[in-house]
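Below is one structure, written out as structure tokens; the observations come after it.
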């Protein structure tokens, strides 16, 4: 074990001004469901650098998770009752992406429109990558997923996350149905890993971490 990784920020590797960062963000969990929350060491700068993206991410997953009681509580209490009320900028950013989506019955009858919203995938993926780095530190504290490690992040439909997708991956739950994840790491190359993350059992992401192949130019 490389002890230099213990007692360092899981994002930048600094040993200075360390705090505890919740992985995933604590604000995703209703107060009554903050069970077995995961925290890892992060420096003050890194911990605070994600605050606005964490809040934006909460809006993105809560709007989809509102069909479940845990997601609905976060949507009503933390998003509508707090974030939107406090931040006109965030409220406006979300409102500007609203668009009408036609609803059609199984028989092909037009039933009207519902309002849908889109989110900035770069901001969402930035938080997903942070969560994976934190989970990796939690399970493998001897390895730092540094900037050289690349991540492929994809949002997947819940019905695509079947037993075959997660076969061979280890599953965990945090805070009931608020956050579930599955993980698998290549023993010989620990930077190579596969993750499936689920929020309120409605929004799913698959993540692959890897080291890019170094191509040699060769010598003359």
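The numbers here are math on the coordinates, done by the rules we state, and not lab data. Quick caveat, the model's predicted, so the values are computed rather than measured. Neighbour counts run over all protein chains shown; Cβ positions are idealised from the backbone, glycine included.
Any idea how far the Cα center of region 96-137 sits from the one of region 167-202, in Å?
Measuring centre to centre over Cα atoms gives 21 Å.
So if R0 is 22 Å, what FRET efficiency would residue 115 and residue 52 give, r being the distance between their Cβ atoms, rounded to the nearest 0.05? All intermediate terms of the calculation are to be shown ahead of the outcome.
Working: r = 24 Å, r/R0 = 1.10.
Working from the Cβ atoms, E equals 0.35.
Report the gain in length on full extension from residue 72 to residue 189: 0.36 nm times residue separation, minus Cα-Cα distance, nm rounded to one decimal. Numbers along the way, then the final one.
Numbers: separation 117, 0.36 × 117 = 42.12 nm, distance 4.02 nm.
Length gained between residue 72 and residue 189: 38.1 nm.
With the Cα gyration tensor of region 1-97 in hand, give its eigenvalues times 5 under a square root as the equivalent ellipsoid semi-axes, listed largest first in whole angstrom. Numbers along the way, then the final one.
Values: eigenvalues 175, 54, 19 Å².
The answer is 30, 16, 10 Å, longest axis first.
Under the classification rounded if a/c is under 1.5, otherwise prolate if a/b is larger than b/c and oblate if not, where does region 25-81 fall, given a ≥ b ≥ c as square roots of the Cα gyration tensor eigenvalues? Intermediate results must be reported in sequence, preceding the final value.
On the way: a/c = 2.73, a/b = 1.55, b/c = 1.76.
Taking the square roots of the gyration eigenvalues as a ≥ b ≥ c, region 25-81 is oblate.
Taking the Cα atoms of the chain alone, what are Rg (to one decimal) and Dmax (as a whole number) in Å?
When restricted to Cα atoms, the chain yields Rg and Dmax of 19.3, 69 Å.
By how many nm would the segment from residue 172 to residue 96 grow when fully extended, if each residue of separation counts as 0.36 nm and the alpha-carbon distance is taken off? Don't skip to the answer; put the middle values down first.
Values: separation 76, 0.36 × 76 = 27.36 nm, distance 3.61 nm.
Using 0.36 nm per residue and subtracting the Cα-Cα distance, I get 23.7 nm.
Which one of 179, 119, 29 has the biggest mean-square fluctuation once the chain is modelled by GNM with Cα springs under 10 Å?
Highest fluctuation among the options: 119.
With axes computed from alpha carbons, what is the tilt in degrees of helix 51-65 against the longest principal axis of the chain, rounded to the nearest 10 within 0 to 90?
Roughly 50 degrees, rounded to the nearest 10.
Sorted from largest to smallest, which semi-axis lengths in Å does the alpha carbon gyration tensor of region 61-189 give for its equivalent ellipsoid, taking the root of 5 times each eigenvalue?
Details: eigenvalues 207, 87, 48 Å².
Over the Cα atoms of region 61-189, the ellipsoid semi-axes are 32, 21, 16 Å.
Would you calculate the separation in nanometres between label points at residue 150 and residue 6, each defined as 7 Å from the Cα along the Cα-to-beta-carbon direction?
Distance between label points: 3.3 nm.
Quick check: the angle from helix 121-139's long axis to the longest principal axis of the chain, C-alpha only, nearest 10 degrees?
Value to nearest ten degrees: 50.
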